[in-house]
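Contents: one structure, followed by commentary.
The values are calculated or read from the model by the stated rules, or taken from the named source; none is laboratory data. For clarity, every value in this text was computed on a predicted model and none was experimentally measured. Note that each Cβ is placed from the backbone with ideal geometry, even for glycine, and that neighbours are counted across all protein chains shown. Calculation scope for accessible area: heavy atoms of the full protein, side chains included, ligands and nucleic acids excluded. Shrake-Rupley method; radii C 1.70, N 1.55, O 1.52, S 1.80 Å.
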Amino acid sequence: MCGIAGIINFDGRPVGEGVLLPMVKRLAHRGPDGQGLERRGPVGLGHRRLSIIDLETGRQPMFNEDGQVGVTFNGEIYNFKELRAELEVRGHVFRTQSDTEVIVHGWEQWGEACVERFRGMFAFALADWRRKTVFLARDHFGIKPLYYTINKGRLAFASELQALRLLEDFPRELDLEALDQYLSVGYIPAPRTIYRGVAKLPPAHRLTVGFDGSSLGPREYWSLEFKPRSGLSLDEWAEGLEAAARDSVKAHLVSDVPFGAFLSGGLDSSFVVGLMARELAAPVHTFSIGFEESECDELAYAQEASRRWKTEHHVEVVKPDSLSVLPRLIEHYGEPFADSSAIPTFYVSRLARQFVPMVLSGDGGDEALGGYPSYKSWMRWVYPDKPRRPLWKRLLRPMAEKMLSSVYAPDAEERPATLESWRQRVSCLPAHVRRNLWRPEHRWAAGGPGDAFEAAFERSRGYPPISRARYLDYRTYLPNDILAKVDVASMIHGLEVRTPLIDLRVVEFAAAIPPEFVMTRNADGAWEGKLPLKRALARHFPDSFINRPKQGFTAPVARWFLPGGALRAELEARLAAGRSGIYEYLEPKTVSAVISSHGAPHDLSPMLWALFFLDAWLDSDRKRVP
């Protein structure tokens with residue numbers, strides 16, 4: 001895991017060290033083990049290294065034999081040994097044991113199509129001085145970030161926005177439509193960023209730019225498809241899921257340094273840790289974060305999982321005064337980001353880094369297997385609740401798996417699965433309230449659901465509702481919220497986080513599971529997800545562990561923002577009319593109404609946290625000197 005940066009001057013001017021070096025140094029936290037620069041003509045490549053594989057010879061930028069192709073790379077290629085063997089048969093000569101070198105020779109052999117062969121997490125920039133081309137690519141799911149700007153006659157790219165901000169001509173105009181999307185869902189979907197003229201390369205996309213500025217892309221090289229396979233029972237799907245996940249965990253454990261795992265106490269992390277424990281001889285080091293507020297604390301479940309898998313368990317409790325890390329989060333996220341679970345993720349990463357430089361996590365299980373409450377809410381919308389089934393029917397439910405299909409069958413009063421009905425379940429506030437937040441002169445920015453959501457909804461046309469919801473999250477929430485949160489909060493500490501449930505083979509396997517085996521109505525008529533995972537875990541944990549309400553890895557900001565809560569006074573002071581920078585764009589009266597309306601039965605904490613973070617970010621943005 002590393003940090004990358006680079007510049008290509010389209011007019012042929014050499015890249016100065018005084019421009020590139022500060023960008024690379026700004027990413028030092030991402031790669032505390034080494035630094036590399038290559039400046040050749042109009043191209044400059046920079047790299048900060050966190051050594052995980054091939055500690056001695058894996059330095060970057062890395063080149064082919066004649067030095068005409070070089071790459072700066074962030075991530076891991078898990079199938080690099082297989083690709084290396086294939087490339088060696090074709091005559092390529094390797095000088096290191098690093099997965100990075102596979103990218104260089106893969107480009108020589110397959111050109112732009114090389115990225116279609118990689119299984120892993122990656123963001124890289126490859127320069128080919130022979131072809132006078134720079135090639136940028138990002139992994140299938142967006143696990144690793146890549147920001148870029150094409151402005152004033154040059155391309156510049158980096159792993160974090162703060163490195164790009166060092167450019168003298170950095171485009172600092174805010175994109176208000178991007179800000180509106182942030183107010184809607186708490187993050188800014190790719191390809192937008194908060195700045196006009198700066199973009200995120202979307203997941204599964206590649207971009208080719210000539211040394212002269214000609215460009216091709218960004219273009220998509222892969223898209224997830226849901227193609228259910230019939231003929232298997234739930235037990236068989238559970239066995240297949242465990243086999244696919246075990247293969248992925250083994251691939252993700254390839255490392256030349258010690259490793260551990262995040263263990264939240266949820267089903268996904270407990271599943272991953274169990275696979276690790278059965279794969280390894282020594283106990284797994286596991287790490288958990290808890291809260292004093294019981295509604296957000298799962299330490300008891302994490303400890304139960306730790307006992308079951310016999311791990312070396314490490315725990316830390318997060319308190320409201322932990323918000324002292326907010327300035328660091330603002331600096332490294334680089335744009336407004338309203339997922340408050342970035343706070344516990346920061347602390348669990350800090351805890352883990354005291355023991356190991358790399359961990360596995362359970363991220364991706366909810367998208368793969370229908371675990372989010374938003375899915376249940378949407379299914380209740382599409383298929384309105386039926387009356388509670390008679391007792392005799394509920395008792396017969398476990399007797400035959402074939403009843404799953406009849407339980408799942410749409411009701412006669414099925415409602416249309418619209419994009420608006422989905423957005424209502426994932427937005428911080430309804431569209432009309434969000435529109436009223438804007439000052440009148442800026443209300444033009446309060447548009448529809450946004451390009452990323454509209455494109456994903458259109459691409460998923462024809463999928464069953466639960467498959468469509470998962471596809472939407474794979475294209476929007478997972479890369480732009482979950483993975484962005486984990487990448488930044490972990491890399492602040494120089495910690496590599498690997499995600500075996502966000503793996504091509506695991507995800508494509510899950511996409512083949514029929515919808516009725518992903519989410520169905522249980523005996524009580526309520527929607528229940530993650531059926532294959534629960535069946536796989538049932539051999540190791542009691543029902544009280546498996547079938548408890550989903551809690552999620554979140555900070556208790558709802559309680560902290562209540563009147564008399566730990567952060568209420570700071571919230572009101574920060575968002576006071578006349579003080580906060582948000583009122584250049586938003587209406588003070590509407591913001592005040594949102595603050596005063598928070599509390600039972602209305603939990604408006606996601607919106608309050610979004611405003612809280614936005615105010616702090618705007619303040620930092622205006623004070624920051626490049």
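Structure notes:
- Residues satisfying the stated conditions in the range 484-514, i.e. crowded, with 21+ Cβ neighbours inside 10 Å and not aliphatic (A, V, I, L, M): K485, D487, S490, E496, R498, T499, P500, D503, F509
- Of the residues making up the range 360-378, those that are touching a Pro at 6+ places or on another chain (Cβ under 8 Å) and modelled with pLDDT under 95 number 1.
- Restricting G106, G91 to those that are more than 26 Å from the chain's Cα centre (by Cα) and in a helix (DSSP H, G or I) reduces the list to G106.
- Restricting the range 550-575 to residues that are assigned to a loop (DSSP other than H, G, I, E, B) and open to solvent by less than 30 Å² (accessible area, probe 1.4 Å) leaves a set whose member that is nearest to S377 (Cα to Cα) is G552.
- Among residues of the range 109-131, those that are surrounded by 15 or more Cβ atoms within 10 Å (Cβ to Cβ), over 20 Å from the mean Cα position of the chain (by Cα) and in contact (Cβ under 8 Å) with a residue 24 or more places away in the chain, counted: 7
- Only residues that are at pLDDT 95 or above and either over 24 Å from H140 (Cβ atoms) or in contact with a Phe, Trp or Tyr (Cβ under 7 Å, 6 or more places away or on another chain) (or both) were counted across the range 42-62, and they come to 4.
- Residue within the range 152-165 that is open to solvent by 10 Å² or more (accessible area, probe 1.4 Å), at pLDDT 95 or above and hydrophobic (A, V, I, L, M, F, W, C) present: no
- Within the range 188-236, the set of residues being in contact with a Ser or Thr (Cβ under 7 Å, 6 or more places away or on another chain) and on the phi > 0 side of the Ramachandran plot comprises G197, A204, G217.
- Per this entry, G6 is not counted among residues that are open to solvent by 20 Å² or more (accessible area, probe 1.4 Å) and either within 25 Å of L201 (Cα to Cα) or out of contact with any Asp or Glu (no Cβ under 7 Å at 6 or more places or on another chain) (or both).
- Taking the range 353-378 as the range and being under 21 Å from K227 (Cβ atoms), of a type outside the set (S, T, Y) and in a helix (DSSP H, G or I) as the test, the residues that pass are G365, D366, E367, A368, L369.
- Flag if F135 is open to solvent by less than 10 Å² (accessible area, probe 1.4 Å), without any contact (Cβ under 8 Å) to a residue 60 or more places away in the chain, of a type in the set (F, W, Y) and touching a helix residue (DSSP H, G or I) at 6+ places or on another chain (Cβ under 9 Å): no
- Among the candidates F271, F211, residue that is open to solvent by less than 30 Å² (accessible area, probe 1.4 Å), of a type in the set (F, W, Y), more than 23 Å from P464 (Cβ to Cβ) and in contact with a strand residue (DSSP E or B) (Cβ under 7 Å, 6 or more places away or on another chain): F211
- The single residue among P218, P228, P203 that is more than 16 Å from D363 (Cβ to Cβ), of a type outside the set (D, E) and in contact with a helix residue (DSSP H, G or I) (Cβ under 8 Å, 6 or more places away or on another chain) turns out to be P228.
- Considering (1) surrounded by fewer than 22 Cβ atoms within 10 Å (Cβ to Cβ); (2) at negative phi, the lone condition that H252 does not fulfil carries the number (1).
- Scanning the range 307-314 for residues that are open to solvent by 10 Å² or more (accessible area, probe 1.4 Å), assigned to a helix (DSSP H, G or I) and in contact (Cβ under 8 Å) with a residue 60 or more places away in the chain turns up at least one hit.
- Within this structure, S270 passes the test of being over 25 Å from F118 (Cβ atoms), of a type in the set (S, T, N, Q) and under 23 Å from the mean Cα position of the chain (by Cα).
- Within the range 133-165, tally of residues that are part of a loop (DSSP other than H, G, I, E, B) and within 14 Å of D487 (Cα to Cα): 9
- Among the residues of the range 1-40, those that are under 18 Å from A123 (Cβ atoms) and part of a loop (DSSP other than H, G, I, E, B) comprise M1, R26, L27, G31.
- The residue pairs whose first member lies in the range 87-107 and is over 13 Å from E65 (Cα atoms) and open to solvent by 20 Å² or more (accessible area, probe 1.4 Å), whose second member is of a type in the set (S, T, Y) and not in a helix (DSSP H, G or I), and whose beta carbons are closer than 8 Å, counting only pairs six or more residues apart or on different chains, are Q97/T57.
- Among residues of the range 524-537 that are over 19 Å from S374 (Cβ atoms) and acidic (D, E), those with a beta-carbon under 8 Å from a residue that is open to solvent by 20 Å² or more (accessible area, probe 1.4 Å) and not in a loop (DSSP other than H, G, I, E, B) at least six positions away or on a different chain give the pairs D524/R394.
- Top-ranked residue of the range 424-469 - restricted to ones that are under 23 Å from M379 (Cβ atoms) and among the aromatic types (F, W, Y), ranked as most open to solvent (accessible area, probe 1.4 Å): Y463
- Residue pairs whose Cβ atoms lie under 9 Å apart, sitting 6 or more positions apart in sequence or on different chains, and linking a residue in the range 595-614 that is of a type in the set (D, E) to a partner that is open to solvent by 10 Å² or more (accessible area, probe 1.4 Å), are D603/A558.
- Of the candidates N547, N522, N480, the single residue that is out of contact with any helix residue (DSSP H, G or I) (no Cβ under 6 Å at 6 or more places or on another chain), closer than 28 Å to V318 by Cα and surrounded by fewer than 23 Cβ atoms within 10 Å (Cβ to Cβ) is N547.
- Hey, E225 assigned to a helix (DSSP H, G or I), out of contact with any Gly (no Cβ under 9 Å at 6 or more places or on another chain) and of a type in the set (D, E, K, R) or not: no
- Any chance P357 is at pLDDT below 90 and out of contact with any Lys or Arg (no Cβ under 9 Å at 6 or more places or on another chain): no
- Annotation note: Cβ proximity below 7 Å between a residue of the range 18-46 that is within 19 Å of E496 (Cβ to Cβ) and of a type in the set (A, V, I, L, M, F, W, C) and a residue that is assigned to a loop (DSSP other than H, G, I, E, B) and at pLDDT 95 or above (sequence gap 6+ or interchain) occurs for L27/S159; L27/E160.
- A199 being without any contact (Cβ under 8 Å) to a residue 60 or more places away in the chain, touching a Pro at 6+ places or on another chain (Cβ under 8 Å) and not basic (K, R): yes
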